[in-house]
C-alpha cells in the first residue's frame, strides 16, 4: 500500500476548500493510504472551522497552522515530515477527478525515471468575466506552451501544476524555496530537472480549477509572476525556460520601438506594422476562440493584452530591481493577489 500525502496551502477559502477536500476523499483509493494536510494561513472567514469539521470526521484530514501565511512555508510544513511515498501539492481552488491520485501513481510506477507527474488543468468559470479569463489562460497564444493549461500529448515537460513527487525528490532536491512568494513550484521543478529527474505530463490526470473573474487581479498576478521569475533566474544564474522571454521582449519593443521614428521613417513604419500585426493576430485568435461572438472577442483580446503586458512589465521591473539596482524583492511584490 502506497502512502500519499496531499498538501493544500490555504487562506480564506471557505467557498472552495470543502469541495476540494471532498474530491480527494471521493477518489479511487484502492491500495492507497491517503493523508490530506490543509495548511492554513490563519484564515478569518470560516475556512478553519470547515477544515476542522472534516478533520473531526475523517482521520485522513489534518489542519496545520501556517503563521507565516505564505505558500512555500505552507508546502514545506506539509511535506517536511516525509511520512509518505508520494507527495502531491494542490490548490484550494481545485477539485480533482476520481482517478487523479491513482493515475499519478501509475505514471510514477511505469516511468521510474520520472520524479514528478502531473496532468491537465481545466479552468472552471463562475461568471462571464471568469469565463473570458479561463479561455485566455487555456490558449497557447495567451500562455505559450504551458501544456498543463493548454493540453497536449503524454510526455516530458519542464513544469506541471499540482505535481505528484516521489519522496526521493524532496530528499535529494530539498523543499520549496521560502523566499519565493510566487513561482516556487516552477523554481522547484527546475531543481528537479537539474538533479536528473524527469517531469511527465499525462493528460488522463485531470483536475478542475475555479477561476475568479477580475482583470485587475489577473494583471497583478501575472505582473508578480514575471517579477519573481527574474528573482529565480538570478538565484540560479540561468534562464529557466525560454518562453518566459517572449513577453518582456515584446513589451521592451512596444515601449522603445517608437524611437525608430527619429532614426529612419522605415523603422517607424516597421514599429507600426509589428504592433498592428500583433493586434491583428490577437484579434483573430480571440475571434475564433469566442466562436465569432463580437463582445466576447473584445474581452478576450483585452485579456490577451493583459497577460502579455503584465508578465512582460513585471519581468522588466524584476530586471531593474534585481540586476540593475541589486535590490531584494519589494514589500508590494510579497502581497498575494489571488
Worksheet, complete the sentence: Sole miss for residue 74 among (1) out of contact with any helix residue (DSSP H, G or I) (no Cβ under 8 Å at 6 or more places or on another chain); (2) within 14 Å of residue 207 (Cα to Cα) is condition (2)
Worksheet item: Restricting to segment 101-131, what's the tally of residues that are part of a helix (DSSP H, G or I), modelled with pLDDT of 95 or more and out of contact with any helix residue (DSSP H, G or I) (no Cβ under 8 Å at 6 or more places or on another chain)?
Response: 9
Discussion item. So for segment 61-73 (the condition being at pLDDT below 95, over 23 Å from residue 178 (Cβ atoms) and not in a loop (DSSP other than H, G, I, E, B)), does at least one residue qualify?
Written reply: no
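Could you pull out the residue among 38, 7 that is touching a strand residue (DSSP E or B) at 6+ places or on another chain (Cβ under 7 Å), outside any loop (DSSP other than H, G, I, E, B), touching a residue at least 60 places away in the same chain (Cβ under 8 Å) and buried (at least 19 other Cβ atoms within 10 Å of the Cβ)? Full working, then the answer.
Details: 38 fails: touching a residue at least 60 places away in the same chain (Cβ under 8 Å).
The match here is 7.
Based on this model, can you work out whether residue 47 counts as modelled with pLDDT under 95 and crowded, with 20+ Cβ neighbours inside 10 Å?
Criteria not met by residue 47.
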Response to the item:
Selection from segment 132-177 of residues assigned to a helix (DSSP H, G or I), touching a strand residue (DSSP E or B) at 6+ places or on another chain (Cβ under 8 Å) and surrounded by fewer than 19 Cβ atoms within 10 Å (Cβ to Cβ) yields 167, 168
Worksheet item: Of all the residues that make up segment 1-60, how many are within 14 Å of residue 86 (Cβ to Cβ) and more than 22 Å from the chain's Cα centre (by Cα)?
Response: 10
Worksheet item: Just one of 310, 289 is under 17 Å from residue 143 (Cα atoms), crowded, with 19+ Cβ neighbours inside 10 Å and modelled with pLDDT under 95; which is it?
Response: 289
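Do we find that residue 32 is closer than 21 Å to residue 101 by Cα, in the same structural domain as residue 189 (by TED's automatic domain parsing), crowded, with 16+ Cβ neighbours inside 10 Å and at pLDDT 95 or above in this structure?
Working: closer than 21 Å to residue 101 by Cα: yes; in the same structural domain as residue 189 (by TED's automatic domain parsing): yes; crowded, with 16+ Cβ neighbours inside 10 Å: yes; at pLDDT 95 or above: no.
So residue 32 does not fit the description; no.
The values are calculated or read from the model by the stated rules, or taken from the named source; none is laboratory data. Quick caveat: nothing in here was measured; it's all calculated off a predicted structure. Neighbour counts run over all protein chains shown; Cβ positions are idealised from the backbone, glycine included.
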